[in-house]
Structure formats: C-alpha cells, structure tokens
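The values are calculated or read from the model by the stated rules, or taken from the named source; none is laboratory data. This structure is a prediction, so every number in the text was calculated from the model and none was measured. Don't worry about glycine lacking a Cβ; one is built from the backbone with ideal geometry, like all the others, and counts go over all protein chains shown.
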Amino acid sequence: MSGWLLRRAAQAALTFVLAVSLAFVVMRLAPGDPLARLTEDRPLAPETLARLRARYGLDQPLAAQYGAFLAGVARGDLGTSILRDEPVTRLLAERLPATLLLGGTALLLNFTIGIGLGTWQATRAGGRGDRWLTRVVLATYAMPSFWLGLVLAWVFAVELRWFPSASCATRCWPPTPAGPRAWPTSRGTWCCRPPPCPS
C-alpha cells in the first residue's frame with residue numbers, strides 16, 4: 001500500500017513539474033515582447049525598458065529564468081503581472097470566488113439534472129418518454145458545444161435573464177450623474193453584491 005502511494009505521489013509530482021515546465025516554455029515561445037503591451041500607448045525610453053527587464057528577470061538567461069520560475073512556484077509565488085503590476089496570486093485569488101461559483105453551479109446542475117433524468121428514464125425503460133429523451137440527449141451531444149453554449153447563454157441570460165451574460169462584478173462602481181448605478185446594469189447582465197463605494 002505504501003509503495004503504491006509513493007508511486008502515485010511521484011507520478012503526481014512529475015506531472016506537475018511537466019505541466020509547469022510546459023507553461024513556461026509555451027509562454028517563452030509565444031511571439032512578441034512581454035513588455036510590448038506597456039509601449040502601446042507611448043514608447044518607453046531604452047533605460048526604462050532595461051529597468052523593467054531587470055525587474056521582471058527578462059534580462060537573465062533562459063535557464064536562469066526557468067530556475068527562478070520553478071523556485072517561485074515551489075514557494076507559491078507566481079510572479080508579478082506585467083500589465084497590472086500586481087502579484088499573480090492576488091489576481092487569481094480575486095477571481096477564485098467567481099470561478100468556484102461558476103464551476104460549482106455547473107456541477108450541481110449536471111448532477112441534479114443528470115441523476116433526475118436518469119432515474120426518470122430508468123423507471124420508464126422502453127416507453128415513449130424513454131425514446132424521446134434518448135433522441136434529445138443524442139441530438140444534444142451531436143451539437144457543437146461552443147454553439148450550444150452560446151445558444152443557452154442567449155436564452156437563459158439575455159432573454160430570460162436568469163443568469164449573468166457577461167460578468168459578476170466585485171468592484172466598486174461610482175454613482176452616475178443621474179444617481180446610483182442601477183443593478184442590473186444593462187439588459188442581460190447583473191452583478192453579485194455590488195460593494196458600496198467609499199465616501
């Protein structure tokens with residue numbers, strides 16, 4: 001038993017290292033300069049670009065960058081976002097609640113609807129309802145997922161407005177000149193507990 005656990009732990013560690021390494025390689029092989037977004041509005045002086053490259057470690061050899069990246073991941077430090085100038089872990093933590101809400105809701109709906117329809121179909125095996133449900137399920141599986149997702153988003157978010165179509169805001173939005181900003185902000189979009197703006 002202990003040997004099996006050790007092998008599984010070693011496999012998990014190896015998979016994690018390979019995934020992290022692949023992410024590093026893909027980002028480094030991507031075309032363009034990582035600092036290009038900072039120079040879109042106005043060009044930066046060569047001295048400023050040199051300081052930024054030194055700050056983010058882009059002036060180091062690729063092997064040194066890879067080692068620093070692995071060491072940071074081992075400490076739980078994913079570096080600093082070049083575009084936002086904030087720690088990546090903080091940006092991920094800010095978006096984690098919305099991700100958990102979306103993923104948890106999807107899992108809950110999948111299990112609830114799947115178990116309910118499966119039980120209903122099992123009790124009516126061979127009947128008309130069983131045949132129709134089988135056709136509907138097969139037709140749904142045959143549809144492209146990206147197209148079906150857009151259709152469902154349009155129906156339930158834009159038309160019925162049961163779910164948000166764009167985002168779940170967690171930041172403070174200041175009042176408009178006409179008064180406090182309305183919630184929902186527009187057709188088909190709503191926000192989760194908009195925080196009050198500081199006075």
Note to self: Name the single residue that is surrounded by the most Cβ atoms within 10 Å (Cβ to Cβ) among those in region 22-43 being modelled with pLDDT under 90 and closer than 18 Å to V73 by Cα.
What the structure shows: F24
Next item on the list: Could you check L58 against (1) surrounded by 13 or more Cβ atoms within 10 Å (Cβ to Cβ); (2) at pLDDT 85 or above; (3) of a type outside the set (D, E, K, R) and say which number it fails?
Entry: (2)
Notebook entry, point to check: Does G67 satisfy the criteria of being among the small types (G, A, S) and assigned by TED's automatic domain parsing to the domain that holds V20?
Noted result: yes
Next item on the list: Confirm whether G32 is on the phi > 0 side of the Ramachandran plot, out of contact with any strand residue (DSSP E or B) (no Cβ under 8 Å at 6 or more places or on another chain) and free of Cβ contacts under 8 Å to residues at least 24 places away in the same chain.
Entry: yes
Next item on the list: Find the helices (runs of 4 or more DSSP H) located wholly in region 61-169 whose residues include 3 or more that are within 18 Å of the chain's Cα centre (by Cα), and list them.
Entry: 88-122, 145-153
Check: Mind checking whether some residue in region 113-129 is modelled with pLDDT under 90, loosely packed, with under 10 Cβ neighbours inside 10 Å and among the hydrophobic types (A, V, I, L, M, F, W, C)?
Finding: yes
Next item on the list: Please work out if W132 is assigned by TED's automatic domain parsing to the domain that holds T119, modelled with pLDDT of 80 or more and aromatic (F, W, Y).
Entry: yes
